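The structure appears below as structure tokens.
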Amino acid sequence: MGNMATEIVAFLLTISGWILVSSTVSTDYWKVSSVDGTVITTAAFWSNLWKMCVTDSTGVSNCKDFPSMLALDAYIQVCRGLMIASVCLGFFGAALALLGMKCTKIGGSDTTKARLTVLSGLHFILSGESRHTSWNSIRLPKLPL
């Protein structure tokens, strides 16, 4: 009974991690920069994987979607690809984990379930590593002003 409870808790933790990684793909404030000056010329620049925005001191925002994938900087293309790969790997890892759990009736024999669980763990490790790499690739370059 304790082993099954550990599997269920681990599965719920990995699903919650996958949901958190999936929610960061559309987060607006990946990079934030500001220009301080007089009250009139103060502006804040922020961007994510899909658009770049400017907000002035009056609170008016002006956003521009990235027009073409070929016109983007390489680090944004790499980060987009790694984040999408991370979400996909996490989804397939969750599906394999569900099949490999001992409390489910589908998935085959105990040997097959053990192999599915190991493959699920590999998917989750690769998912986390690609998310970590994409976070570092977006943090390193400076936001153009």
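A few points about this structure:
- Taken together, the residues in the range 68-83 that are polar (S, T, N, Q) and surrounded by fewer than 10 Cβ atoms within 10 Å (Cβ to Cβ) amount to 1.
- Only listed residue being surrounded by 10 or more Cβ atoms within 10 Å (Cβ to Cβ) and in contact with a strand residue (DSSP E or B) (Cβ under 6 Å, 6 or more places away or on another chain), chosen from W50, W46: W46
- Boolean, S61 is more than 13 Å from the chain's Cα centre (by Cα) and open to solvent by 60 Å² or more (accessible area, probe 1.4 Å): yes
- Criterion: under 23 Å from T133 (Cα atoms), loosely packed, with under 15 Cβ neighbours inside 10 Å, among the polar types (S, T, N, Q) and touching a Leu at 6+ places or on another chain (Cβ under 8 Å) - qualifying residue of S33, S23: S33
- Against the list (1) under 30 Å from A74 (Cβ atoms); (2) crowded, with 16+ Cβ neighbours inside 10 Å; (3) at pLDDT 85 or above, the condition C88 fails is (2).
- I84 falls short on exactly one of the conditions (1) closer than 20 Å to L119 by Cβ; (2) of a type in the set (A, V, I, L, M, F, W, C); (3) out of contact with any helix residue (DSSP H, G or I) (no Cβ under 7 Å at 6 or more places or on another chain), and that condition is (1).
The values are calculated or read from the model by the stated rules, or taken from the named source; none is laboratory data. All of these numbers come straight from a predicted model, not from anything done at the bench. Counting neighbours? That spans all protein chains shown, and the Cβs are built from the backbone with ideal geometry, glycine included. Protein only, heavy atoms only, side chains kept; ligands, DNA and RNA dropped before computing areas. Shrake-Rupley method; radii C 1.70, N 1.55, O 1.52, S 1.80 Å.
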